[in-house]
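Right, one structure below, let's go through it.
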Amino acid sequence: MADDQQLWGYPEVAAHLGISVSAARNRKSRGSLPAPDDTTVPDRPRWKPATFQGWKPVGRGFGSDLHGEPTPLASPASAGQGAS
């Protein structure tokens, strides 16, 4: 890619997501980040800022488990009922 100014490396991705650089690297290795837009330099993936527009993080640590219906929990008072 010719325009390096328009690409984000791990530091910019981490800042955008509010995580550390090492967490961004870990999430990339687990497949929890979008595919990089530029992989021409080994071990230095880069993304266009637009890649993260509208992208919804999924996976551990992103709160993705909060997007479904809440699971009802048994209260401690009701847990012992019915077993007389």
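Number of residues in segment 15-33 that are closer than 15 Å to VAL58 by Cα and either aliphatic (A, V, I, L, M) or in contact with a strand residue (DSSP E or B) (Cβ under 7 Å, 6 or more places away or on another chain) (or both) equals 5. There is no residue in segment 63-71 that is out of contact with any His (no Cβ under 7 Å at 6 or more places or on another chain) and at pLDDT 85 or above.
For every residue, the table says whether it meets (1) hydroxyl-bearing (Ser, Thr, Tyr); (2) in contact (Cβ under 8 Å) with a residue 12 or more places away in the chain; (3) part of a loop (DSSP other than H, G, I, E, B).
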| residue | (1), (2), (3) |
| --- | --- |
| VAL13 | no, yes, no |
| HIS16 | no, yes, no |
| ALA23 | no, yes, no |
| LYS28 | no, yes, no |
| THR40 | yes, yes, yes |
| ARG44 | no, yes, yes |
| ALA50 | no, no, no |
| TRP55 | no, yes, yes |
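The values are calculated or read from the model by the stated rules, or taken from the named source; none is laboratory data. The model shown is predicted, which means the values in this text are computed figures rather than measured ones. Note that we place each Cβ from the backbone using ideal geometry, even for glycine, and neighbour counts take in every protein chain shown.
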